[in-house]
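See below for the structure under consideration.
The values are calculated or read from the model by the stated rules, or taken from the named source; none is laboratory data. Everything quoted here is computed from the prediction, not taken from an experiment. Every residue, glycine among them, receives a Cβ derived from its backbone with ideal geometry; neighbour counts consider all protein chains shown.
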Amino acid sequence: MKKIIALLLALMMLISLCTVASADEWKFERGITIVCPWGLGGGADSTIRPMATLIQNYLGVPVDVRNETGGSGVTGATFAYKEPADGYTFLLGTQSLYIQDMMDNMDFNFKDEFDCEVILVHSINMLAGSAKQMEKYGIKTFSDLKDYAAAHPYEVSVAMLTATGVDGMCFEIATDGLALNPVTYDSGSAVNSDLAGGHVDLAVGGYDDMSGLIESGDIIPLLIFCEHRIDICPDCECTAELGIDSYAGPWRAIFAKKGTPQGAIDKIIEAVEACRSDATWQEFIKSAAYDQRVVPAPGEELQAFCLSEYKDLRDYMFEQETLEKDYDDLK
Amino acid sequence: MFELICNVFLFVFLGYTYFTHVLEAKVPKSYLKNPNVLHPSVWPKAIIILLLICIAINIVKIIKKNKGNPDFTFKAFGKNSLEFLKSRMFIGMVVLVVASFILEPLGFVVTAALLMFAYGMLLGEKKWWRLAIVACVLAVLLHIAFSGLLGVSLPRGTVPFLRSFSLFLENLF
Amino acid sequence: MNLGEMFVSGLSAVWGGGTMFLMVVVAIVLGTIFGALPGVSATMAVALGLTFTYTMGPVPAIVFLTAIYCSSITGGSITAILFKIPGVPSSAPTTFDGYPMAQRGEAGKALGVALLASAVGGLFSALVMFLLATPLSKAALAFGNGDMFAITFLGLSILIVLDTEHILTTIISGLLGLLLACIGQDPMAGVARLTFGQTSLLSGMEMIPVLIGLFAVTEVLKQTNTKKRLSAEDGVGNKGKVNTKMPTMKELWSIKFTLLRCSIVGTVVGILPGAGATIASFMCYTMENKLSKYPEKFGTGIIDGIAASEASNNAATGGAMVPLLCLGIPGGNAAAVMASALALKGVQMGPRLLNVQPEFLSATFITMIVTNILMVIVAIGIAKVFAQILAVPYYYLGPIILLLATIGSFSEGNIVGVSVMVIAGIVGIIVKYMHLNSAAIVLGLVLGGMCEKYFSQAFQKAHIVTAQMGFGDYAAKVFESLFGSPISAIVMTACILLLLSPIYMPFVKKITGKNKPAA
């Protein structure tokens, strides 16, 4: 009996030695879970799934995308928060989680508990109109829209997914002073069918959501919330050339809980960076126009970017009187 | 009597909710700037008002219906309640509530085995050892099948060794 | 491509040299089993099926996924009948008659009717879609927010005839369901409502846990108190044997009109995105109840009830594919998963699909047709196996149902989902004592969110005001959003007639002298 116990002890020591030895070079020993707080088939989900497959091939361990939906992302974030920070659970996040955090909708301080590690895509928002309705109103450009809205206050309806989110923010800044009628929708497909049917006049959203109907001519782009025009709609004006200070677009990034082993984080960042050049990923980001914006490099540049995003959102929410949780270091 | 008490309770609770908990946060300024919007409190408030009216009518109906009914007293209600507290159904409810509380810390495997065992005993299985074996085996099998093979997430538990056990099961295949 | 060519190209895609056909059979087996497992929704079944399609080309991939999608929806009726666990809200009415039949030991017959009815409904809608896909999807676009509200409200108005004996308590139940649907962030401004400070309630009441709690858990709790079940040592209630006898031709022939009516209603309602299937199944169940010569038997376990619910919800779910393929607008979550899978394979969904890649449209519809035919054979085999579970003594079966219910609730709503399920199970008992109606609560909860959303959207776009609203403006806005378009005006009038029916029906009956004896 003693011999067996001694053998077991020796084995355990050996195993623990192995873990210590491999501390500098992190090696994933089982599958990784990436929590996606938004539904199957949605924008966030369809971004992380192809990347997860690529990371899986790169790292050689299964990478599982787990959708924990609800509460504008709060459910998923809370789920990731409750998992141990052992390097096997990561969170897919967007700035919506910052917003929910500052609205005090989370049971923990998201900003303190999670770090943004690597941004996958930074998409570009746009304002587009239903072809049917634009023809009726005689609107071809953003300035036409301004004139029409001034003459017919609140008549032009604008669909958007979250009035309090990023879409709402970039729209609010760009159309300041215009009497438009923003209507909230709960899914991109509902927006698209109402645009195509002419039940709503305009919509704010990502190019990825609208590309199909833009190509078919059912909706026409009016304004791109970007620093430059984009290749796919070269004729459409961008906010920068009109002198509008509104560039916010949703970005999707991998977050890690505080305390996650740095080795695991580095490995994930390395995998994402390596997979960016993969042909399938390149094709994917091209099809959704994600290639039109350069994402900040992991490390200091990314940290500075996140802080500035936080500050912008904080100021906007303060103005809207929805800021409930104020982080002192943002001021 | 129970029906009456429930209805009165519901009435009072809804009344309280109407005045205190319909809106739990501030409505964004940009939303209210537009005069065409429907205020977020309108829909729930309308439903509560309709409910209050219907429940009030229902309360009157119940009282009318039970006029002269000898069992329609607080005393009879007290007696029935005591009986209910001793019933198997009440124990079943307690078992379920306990299970929902231990699910997160202990994880699916342990909770499922305990729940199956407790409820099986409650339903009258006499061979407790057979039930115990079946419960443990089934809990493990269900976890492997759903979490390991089908990728349906199940709670792994927060107690470290139970968590490692769940992970071990999930990675068997 | 004309219809004939499309038919041939579709058939060849499904046959695929024999190997594809085998894959379709595999997909049906997988889909039915996935669908029959609680916790695996049709969406998840499709997501699970994705792993098989990585190496396939786009056409085989959509054939495979469509087969899984159709069969998983049908598989969902198996648990609804055997354990009273409806996998989706639209199979809730299936439990009304399916579960009592299974309890009587007629599980085989109930499952047989459910599968056949599903197949008929699915087949009908697939054929209609195949012939009329483009005009139908255009028609679906004509529905604005006000029209959608009217249709959803019609689904709610059914409450009034759900239980004509207890109208007041049924209305209270429906309103409670509507109020439950208000919990969480509101659909327009995203403001938290009725959460009582609980952040876990922000995402609202998850439907599936409530459904499982009110139906399955309540049932197990009720059985716990039944003395008879406890004393019967051998096979509880069903004498240790399950009759897997399938329905006879005569019985099937007797429900032919039920199947036809419900397939038509299901197809029409299903084209509308959102809750088409749920509205359709509740609507058809009530409609058949009203049309039946023996309405008092509904709810006691008759095949008409199962047929109504299953034919209509399958016809409706088939319809969800039309907007996906023709407009690129997924009609539901499962369709959204398929859309993203196909997008990865380079399929351009949307209005141009029919011109550029018509083979996808034909392959999908032919797959739906083939799947619905094959499913009858494959799924009945699986159902027979599942039905044997009922032979297990209740002191094992009861706890197993609880475990499956837990898995289902957890996968849909996390740890909160399990708590919600337990609370709903206990509430289900209280509801019985209060003479409230669980089905009405569920209907209110399922349709409540949509009702509010569509109404708010319509309200915002109707009768534009530029300054603070007065009472007149308010009334004008409400009126215009309810009766502003021809479709909504007609549907809302139907709703009002339905809602007022308890008031005028006694007079009508008096005049016509056709007074049916009460059940």
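Which residue is farthest from C:ILE490 (Cα to Cα), if the candidates are limited to region C:119-156 and must be among the polar types (S, T, N, Q) and buried (at least 22 other Cβ atoms within 10 Å of the Cβ)?
In the first step, residues of region C:119-156 are kept if they are among the polar types (S, T, N, Q); the result is C:125, C:134, C:137, C:145, C:152.
Still in the list and also buried (at least 22 other Cβ atoms within 10 Å of the Cβ): C:125, C:137, C:145, C:152.
Working: C:SER125: 24, C:SER137: 21, C:ASN145: 15, C:THR152: 13 Å.
Among those that are among the polar types (S, T, N, Q) and buried (at least 22 other Cβ atoms within 10 Å of the Cβ), it is C:SER125.
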Residue satisfying condition, being of a type in the set (Val, Ile, Thr), in a strand (DSSP E or B) and at the interface with chain C (Cβ under 8 Å from one of its Cβ atoms), within set A:VAL158, A:VAL183: A:VAL183
Residue list for region A:31-46, filter: touching a helix residue (DSSP H, G or I) at 6+ places or on another chain (Cβ under 8 Å) and part of a helix (DSSP H, G or I): A:GLY43, A:ASP45, A:SER46
Unmet criterion (only one of (1) in the same structural domain as B:THR17 (by TED's automatic domain parsing); (2) β-branched (Val, Ile, Thr); (3) under 26 Å from the mean Cα position of the chain (by Cα)) for B:THR111: (1)
Enumeration of residues in region A:149-200 that are at pLDDT 90 or above and hydroxyl-bearing (Ser, Thr, Tyr): A:TYR154, A:SER157
Hits in region C:167-200 - residues which are at pLDDT 85 or above, assigned to a helix (DSSP H, G or I) and out of contact with any Cys (no Cβ under 9 Å at 6 or more places or on another chain): C:ILE167, C:THR170, C:SER173, C:GLY174, C:LEU176, C:GLY177, C:LEU179, C:LEU180
Unique residue being at positive phi and either in contact (Cβ under 8 Å) with a residue 40 or more places away in the chain or among the acidic types (Asp, Glu) (or both) when the list is B:GLY107, B:GLY124: B:GLY107
Residue match in region B:53-67 (condition: closer than 28 Å to A:LEU323 by Cα and more than 7 Å from every other protein chain (Cβ to nearest Cβ)): no
Pair list, Cβ under 8 Å, 6 or more apart: region C:118-141 residue more than 14 Å from chain A (Cβ to nearest Cβ), other residue charged (D, E, K, R): C:SER118/C:GLU310; C:GLY121/C:GLU310
Matching residues in region A:294-331 - criterion: being hydroxyl-bearing (Ser, Thr, Tyr) and away from chain B (no Cβ under 14 Å): A:SER308, A:TYR310, A:TYR327
Answer residue from region C:1-38, given it is under 29 Å from the mean Cα position of the chain (by Cα) and β-branched (Val, Ile, Thr) and is farthest from C:LYS84 (Cα to Cα) among those: C:VAL14
When residues of region C:412-451 are limited to those that are in contact (Cβ under 8 Å) with a residue 24 or more places away in the chain and touching a Lys or Arg at 6+ places or on another chain (Cβ under 9 Å), the one farthest from C:SER481 (Cα to Cα): C:ILE429
Members of region C:381-438 that are on the phi > 0 side of the Ramachandran plot and more than 8 Å from chain B (Cβ to nearest Cβ): C:ASN414
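Answer with yes or no whether B:LEU96 is at the interface with chain C (Cβ under 10 Å from one of its Cβ atoms), in contact with a Leu (Cβ under 8 Å, 6 or more places away or on another chain) and crowded, with 18+ Cβ neighbours inside 10 Å. Steps first, please.
Details: at the interface with chain C (Cβ under 10 Å from one of its Cβ atoms): yes; in contact with a Leu (Cβ under 8 Å, 6 or more places away or on another chain): yes; crowded, with 18+ Cβ neighbours inside 10 Å: yes.
Criteria met by B:LEU96.
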All positions within region B:39-87 that are β-branched (Val, Ile, Thr), within 18 Å of B:HIS21 (Cβ to Cβ) and surrounded by 16 or more Cβ atoms within 10 Å (Cβ to Cβ): B:VAL42, B:ILE47, B:ILE48, B:ILE55
B:GLY15 being of a type in the set (Gly, Ala, Ser) and loosely packed, with under 12 Cβ neighbours inside 10 Å: no
Residue in region C:202-211 that is surrounded by fewer than 24 Cβ atoms within 10 Å (Cβ to Cβ), facing chain A (nearest Cβ under 9 Å) and part of a helix (DSSP H, G or I) present: no
A:ALA304, sole failed condition from (1) among the hydrophobic types (A, V, I, L, M, F, W, C); (2) under 30 Å from A:ARG30 (Cα atoms); (3) part of a helix (DSSP H, G or I): (2)
